Each structure stands twice: as C-alpha cells, then as structure tokens.
Amino acid sequence: MAAEGTRHPDVIGAPFLTVAEVAQRMRVSKMTVYRLVHSGELPAVRFGRSFRVQRAAVEEHIRAARYEAGRAAIEAHTAAARAR
C-alpha cells in the first residue's frame, strides 16, 4: 500500500490520452474516436491492445475542426458578389 501523503503522477498532464479520455474531451463516443484513429484523421500509438493519442494531437484536431458559420457565410457571399 502507498504511504499516506504519497502523490500519484498528474494524470491530467499526461502526454498520452486513452480513447475514453479523448472521447470525453471531444464529447463524442469511443467508437467515433476509433473511427478517427483508423481513418488516419487522428494520429495514435498502439500500446499492446489499446491505442493512446497525444494530447497535442487531440487539441490540434479540435482546432482544425472549428467552424465559424458567420464568417464562412459572409466570405462566401462576398466571393459570389465579386464573381458577378
């Protein structure tokens, strides 16, 4: 047993996340994360029978997936108006 006062490593700051942790962070199902990994959209490392995803890769995927509806609509309208 661990002695009282012994601290466990900071799991929140860990460089690799489990599929369940990625799913929780992205608010999607674990199956969606597996699909992203298998399609190559989300890079992962396999440790034994389980996958681990780098925290930075998850954050980058979220940043890349960000969609600004207002801005996209304005830019599309402006481009269409210029083409006329």
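Take every Cα pair under 8 Å whose residues are at least 6 apart in sequence, average their separation, divide by the length of the stretch 16-83, and the relative contact order is 28 percent. Summing Lys and Arg as +1 and Asp and Glu as -1 over all other residues whose Cβ lies under 12 Å from the Cβ of Val33 gives a net charge of +3.
Between Ser29 and Ala56, what is 0.36 nm times their sequence separation minus the Cα-Cα distance? Round to one decimal in nm.
Numbers: separation 27, 0.36 × 27 = 9.72 nm, distance 1.95 nm.
That pair, Ser29 and Ala56, stretches by 7.8 nm at full extension.
How much length would be gained if the chain were fully extended between Glu68 and His38, taking 0.36 nm per residue of separation minus their Cα-Cα distance, in nm to one decimal?
Values: separation 30, 0.36 × 30 = 10.80 nm, distance 2.71 nm.
So the extension gain works out to 8.1 nm.
The numbers here are math on the coordinates, done by the rules we state, and not lab data. Computed from a predicted structure; not experimentally measured. In this analysis, Cβ positions are derived from the backbone assuming ideal geometry, glycine residues included, and neighbour counts consider all displayed protein chains.
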